[in-house]
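A quick write-up on the structure given underneath.
The values are calculated or read from the model by the stated rules, or taken from the named source; none is laboratory data. Values in this document were obtained by computation on a predicted structure and should not be read as measured data. FYI the Cβ positions are ideal-geometry reconstructions off the backbone, even for glycines, and counts take in every protein chain you see.
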């Protein structure tokens, strides 16, 4: 099936479909410049991602505990922390994490952010 058909079957955007493919969650096949999917593997992907009773409410409760209260002031402060973090990372100097405040070196940033992701914090 084409990527367009895959998007329609899964009900996701093309970008999300490519993310599933890129992370290895959904097998895909490249034929010249075309990406193709097997219908059985798309259906298996859907089956593998079945939501169990209680999964959604538990996930929402956990994410609500760590929700970021958006206000214009909070956004400005977060932007300042992110800018300082990026500048420090580029210079190689240890900098405080904009999410938790822990001081990390440029070599520890990836490990540190994976730790946030493991806690359920969205890190892009």
Inset, instruction - Consider only pairs whose beta carbons are under 7 Å apart and that are at least six residues apart or on different chains; among these, list those whose first residue lies in region 75-94 and is more than 15 Å from residue 106 (Cα to Cα) and whose second residue is surrounded by 11 or more Cβ atoms within 10 Å (Cβ to Cβ). - result: 78/98; 81/98
Inset, instruction - Residue by residue through region 1-17, note down the ones that are in contact (Cβ under 8 Å) with a residue 12 or more places away in the chain, touching a helix residue (DSSP H, G or I) at 6+ places or on another chain (Cβ under 9 Å) and farther than 15 Å from residue 44 by Cα. - result: 3, 5
Inset, instruction - Please give the helices (runs of 4 or more DSSP H) falling wholly within region 1-56 in which 1 or more residues are modelled with pLDDT of 95 or more and surrounded by 13 or more Cβ atoms within 10 Å (Cβ to Cβ). - result: 3-10, 39-48
